[in-house]
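One structure is given here, and the rest of the page talks about it.
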């Protein structure tokens, strides 16, 4: 059994209705990993980011789902994915990563996901934004398309 972190952009694409191709790709990759009996994980940060984008109005790059729809999606995530615990080591690992790799701006959020992966020994992340994770050695970065093409 393989273990993967699911990036927030995969969760968002799986629920959004604007781009049906990306929605289908995200959902099919998740389904395939479940069929393979892989362990799929999320961090509290993923769910916080999901809440942020889901409740933000569509005219400011959000999904405009409102609180009830967002609560439903968060609950689904908690049902389908293993929620990794927040630990004191996470901050220290994040601080090490951002210093070592000179991370700044919005990319600090990805560094926190990598910190969680390192602390919890999660070897791979499924994401549409593969370039955001390439700076971190020791993790495997998988695009949903590569998940679907793998044996």
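The values are calculated or read from the model by the stated rules, or taken from the named source; none is laboratory data. Being a predicted model, the structure only gives us computed values, none of them experimental. A quick note on method: Cβ atoms are made from the backbone with ideal geometry, for glycine too, and the neighbour counts reach across all protein chains shown.
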Restricting the range 103-128 to residues that are outside any helix (DSSP H, G or I) and touching a strand residue (DSSP E or B) at 6+ places or on another chain (Cβ under 9 Å), the one surrounded by the fewest Cβ atoms within 10 Å (Cβ to Cβ) turns out to be 121
When restricted to 62, 69, the only residue under 21 Å from residue 132 (Cα atoms), surrounded by 12 or more Cβ atoms within 10 Å (Cβ to Cβ) and modelled with pLDDT under 95 is 62
Note on the range 129-151: residues under 16 Å from residue 13 (Cβ atoms), more than 15 Å from the chain's Cα centre (by Cα) and either in a loop (DSSP other than H, G, I, E, B) or in contact (Cβ under 8 Å) with a residue 24 or more places away in the chain (or both) are 145, 148
query: Any chance the range 81-93 includes a residue that's crowded, with 17+ Cβ neighbours inside 10 Å, at pLDDT 95 or above, over 14 Å from the mean Cα position of the chain (by Cα) and in a helix (DSSP H, G or I)?
result: yes
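Conditions tested, residue by residue: (1) modelled with pLDDT under 95; (2) assigned to a strand (DSSP E or B); (3) on the phi > 0 side of the Ramachandran plot.
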| residue | (1), (2), (3) |
| --- | --- |
| 5 | no, yes, no |
| 18 | yes, no, no |
| 21 | yes, no, no |
| 26 | no, no, no |
| 29 | no, no, no |
| 32 | no, no, no |
| 47 | no, no, no |
| 51 | no, no, no |
For residue 14, are the conditions met, namely being in a helix (DSSP H, G or I) and either in contact (Cβ under 8 Å) with a residue 60 or more places away in the chain or loosely packed, with under 15 Cβ neighbours inside 10 Å (or both)? no
The residue from 112, 23 that alone is closer than 21 Å to residue 140 by Cβ and touching a helix residue (DSSP H, G or I) at 6+ places or on another chain (Cβ under 6 Å) is 112
The residue that is farthest from residue 125 (Cα to Cα), considering only those in the range 53-68 that are within 19 Å of the chain's Cα centre (by Cα) and assigned to a helix (DSSP H, G or I), is 55
Per the filter on the range 34-45, residues surrounded by 15 or more Cβ atoms within 10 Å (Cβ to Cβ) and part of a loop (DSSP other than H, G, I, E, B) are 38, 43
